[in-house]
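Have a look at the structure below, then the notes.
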Amino acid sequence: MPQLFRRRTNGYVQLFLALVALTVLLAGVALSLNGSPYATGQNAVPEQPVPFSHQHHVGGLGIDCQYCHTSVDRSSFAGLPDTQTCMTCHSQLWTNADMLAPVRQSLARKEPIEWVRVHDLPDHVYFNHQMHVNNGVGCESCHGRVDRMPLMRQDKPLTMKWCLECHRNPGPRLRPKDKITEMGYSPDSGRSADDYLALYDIHTDRMTECSTCHR
């Protein structure tokens, strides 16, 4: 019986199998990296013009989130405090501190401080702070325990998967309106997830549609 394949065919097959294995390996690495902090920016701490400490201001002094982020409950963005807000205290406290020099310069020049965004979603994603805050989603649900952060960092991955997990089942993550900015909130044992869905009139049947976040 004549030989159907040449001897070099074994080498071709081995090379093909090696390329398939390498492709699968690279695909697995790419998928792993895509959801890793390296790609999502989770735990990243960008350098700011002023080393503002939420741990000190929120955890130590007890300043409420809305004192600085005034538009969080009535706008799509949370807003950043103007220099005058900072100087409400710092015109009397730490007036000559070197780290606050950019704040004093901002006031003197009447130019806003150029803060670096920590939570920066892609341009094709629509996120509305007002919609979430007024429907029972607490600040720490997305931003983490800022009262424990000496420097602000991105606490959550902010991936589509992460967002959808909440949109599919938001009930357990909701809280009373007067607890929205509370850090370390403990769920109210007297209310169930369904109670909160009814309280805020939330209907989950359309919360995972593409147009909810992509417009």
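What to note about this one:
- For the residues 101, 27, 39, a GNM of the chain with alpha-carbon springs under 10 Å puts the largest fluctuation on 27.
- Cut-off under 5 Å, modelled amide H: who pairs with residue 113 long-range: 83
- Applying both filters, DSSP loop and at most 12 other Cβ atoms within 10 Å, to the trypsin sites (Lys or Arg not before Pro) of the stretch 66-117 gives 74, 110, 117.
- Rounded FRET efficiency, nearest 0.05, which uses the C-beta distance separating residue 63 from residue 211 and R0 of 41 Å: 0.65
- Derived scalar couplings between HN and Hα for the stretch 151-160 equal 10, 5, 9, 7, 7, 10, x, 6, 7, 4 Hz in order, rounded to whole Hz, by the Karplus curve 6.51 cos²θ - 1.76 cosθ + 1.60 (θ = phi - 60°), x for Gly and Pro.
- Note that the stretch 119-133 has calculated 3J(HN,Hα) couplings of 9, 10, 7, x, 4, 7, 9, 9, 10, 10, 4, 4, 4, 7, 4 Hz, one per residue in order, obtained from phi through the Karplus relation 6.51 cos²θ - 1.76 cosθ + 1.60 (θ = phi - 60°); glycine and proline are x.
- Carbon + sulfur, % of accessible area of the chain - ligands and nucleic acids excluded, 1.4 Å: 57
- Between amide H atoms placed 1.01 Å from N, distances below 5 Å from residue 174 occur with no residue 5 or more places distant or on a separate chain.
- For the stretch 14-161: relative contact order, % (alpha-carbon pairs under 8 angstrom, 6 or more apart): 40
- Computed with every protein chain present, the accessible area of residue 70 is close to 70 Å² [probe 1.4 Å].
- Amide H contacts for residue 126 (H built 1.01 Å from N in the peptide plane; partners 5 or more residues away or on another chain; cut-off under 5 Å): 214, 215.
- Charged neighbours of residue 126, selected by a Cβ distance under 15 Å, balance to -1 (K, R count +1; D, E count -1).
- The C-alpha atoms of the chain define a longest principal axis, and helix 8-34 lies at about 10 degrees to it.
- Within the same chain, lysines fewer than 8 places from residue 179 are excluded, and of the rest, those with a Cα less than 24 Å from its Cα are 156.
- The three principal axes of the Cα atoms in the stretch 58-215 give end-to-end lengths of 54, 37, 24 Å, sorted in falling order.
- Range in the chain, longest, excluding exposed GluC sites (Glu not before Pro) [loop by DSSP; at most 11 other beta-carbon atoms within 10 Å]: 115-208
- Integer Hz, Karplus 6.51/-1.76/1.60 couplings in order for the stretch 188-202, x for Gly and Pro: 6, 5, x, 10, 9, 4, 5, 4, 5, 4, 6, 4, 9, 6, 9
The values are calculated or read from the model by the stated rules, or taken from the named source; none is laboratory data. These figures come from a predicted structure and were not determined experimentally. Cβ atoms come from the backbone with ideal geometry, glycine included; neighbour counts cover every protein chain shown. Note: areas computed on protein heavy atoms with side chains; ligands, DNA, RNA excluded. Shrake-Rupley method; radii C 1.70, N 1.55, O 1.52, S 1.80 Å.
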